[in-house]
Amino acid sequence: MDKEYYCPKCHGYVKVGDFIILVAKNKSKTSGLLLLHPEVGNYSSIKHRHFEIDDKEVLEIHCPLCHVNLASDFDDNLSHLILVEDNKTFDIYFSRIVGEQSTYLVDGQTVTASGIHSDRYTYFKMSDKFKQYLKK
């Protein structure tokens, strides 16, 4: 199963090899590369040992290509990427709070939630309110 992740703004591919590569900015406004596992529900990541981030810190997440902030349009705590898997396109939203495990895979009709903290964003379950954000 081949998965490709790309920026919703520039459509540049952000998955290289076995990692999604993003730019993160911590509360001190220091930037560093953040490598995320591409499997939905796998919350392992890699960063440089000198790039300091604290548990529960809210990171700014940016595209490494166009540098746009990847914050979602409807919740400041989530970031947004596009996933293409098996010729299907999904919006993928994931928490930008360090240690919070919340990911949502949206295909326009259904939402698949992953992570032990996914119940924190209950509007994904409230379809009428959320429909305005789904791709048409």
Legend entry - Ranking of V16, V23, V98 by count of other Cβ atoms within 10 Å, fewest first: V16, V98, V23
Legend entry - the stretch 3-133, relative contact order in percent, only Cα pairs under 8 angstrom and at least six apart counted: 19 percent
Legend entry - Pairs of lysines in the chain (C-alpha under 15 Å apart; 8 or more residues apart or interchain): 8
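When T112, T30 are ordered from fewest to most other Cβ atoms inside 10 Å of their Cβ, what list results?
Details: T112 15, T30 12.
Placing the least packed residue first, the sequence is T30, T112.
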Inset, instruction - Arrange the following residues from fewest to most other Cβ atoms within 10 Å of their Cβ: I21, I116. - result: I116, I21
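Rule-based calculations on the coordinates, nothing more; no lab input. Only a predicted model underlies this, so the values are computations on that prediction, with no experimental measurement involved. All Cβ positions, even for glycine, are placed from backbone atoms using ideal geometry, and neighbour counts span all protein chains on display.
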